[in-house]
Amino acid sequence: MRPIRSRTLAAAIALVASLPLLLALGYKLSEPVPVAGADFEARGEKWFRAEEEDARKAQMKEASRALKRPCNYCHTEDFNGFTDKKDITLQMMALSAENDVECKDCHDGRDKLTKMGDEAHEMWELSHEKKVFCDDCHEPKTKFEKLTANGKKQKEEWDAKKKSAAPASLTAPSLPSTSASLPPTRASLPPTSVSTPPGGP
């Protein structure tokens, strides 16, 4: 039996210790948005670009590569059912089809996001808070670039919320405009009547 290397052990301990924090920070990213009355089965079906099974499998393989996840991440081993990722997958398929984005536009592997993905993650959390889906704020087929009227309102609220949560400026306070209000420096003090002894101080 080989001894456990200290770095491996340290990494395992760090992972276990940080698990509650990771779950607290990332749970919403992998949870479907609780939107009442939305048919994500039908909306997710529009993600497929073709009806043929081979073309659909190829498209699912593209998504699998973008996420760096195996097929059984969403499908059961026998492919007769789905895992607990079905609902989030259908929502991701719907938002992809409705907003003209691909999985790789937001996902860069198993646990990494692109710049668009980082922004989308913040919006996903907002969607959870408001219990709305992407189309509530974003115009369809615009890659999230155009906002609806409600989206513009939400953006103003979001920006104000982020601004109020930002740390205070770290810039130095402004200095007085005249030197008259500054305390005197040694050079500006009048000479003293104390004489310097011969030979220096």
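The values are calculated or read from the model by the stated rules, or taken from the named source; none is laboratory data. All values derive from a computational prediction rather than experimental measurement. So basically every Cβ, Gly included, is an ideal-geometry build from the backbone, and we count neighbours across all protein chains shown. When the accessible area is computed, the model is the full protein with side chains, heavy atoms only, and any ligands, DNA or RNA have been set aside. Shrake-Rupley method; radii C 1.70, N 1.55, O 1.52, S 1.80 Å.
With +1 on each Lys and Arg Cβ and -1 on each Asp and Glu Cβ, how big is the dipole of the range 94-135 about its Cα centre, in debye rounded to the nearest 20?
On the way: 6 positive and 12 negative charges, 28 e Å.
The dipole magnitude comes to about 140 debye.
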Exercise. Probe 1.4 Å, all protein chains in place: accessible area of residue 96 in Å², nearest 10?
Worked result: 10 Å²
Seminar exercise, completed: Distance in nm between residue 72 and residue 161 label points, each 7 Å along Cα→Cβ, equals 3.9 nm
Exercise. Structure shown: which of 130/153; 104/161; 61/85; 130/162 lie over 19 Å apart, alpha-carbon to alpha-carbon?
Worked result: 104/161
Exercise. Separation between the residue 61 and residue 83 pseudo-spin-labels, each 7 Å from Cα along Cα→Cβ, expressed in nm?
Worked result: 2.0 nm
Problem set entry | Sites residue 130 and residue 102, calculated FRET efficiency, Cβ-Cβ separation with R0 30 Å, nearest 0.05 | 0.75
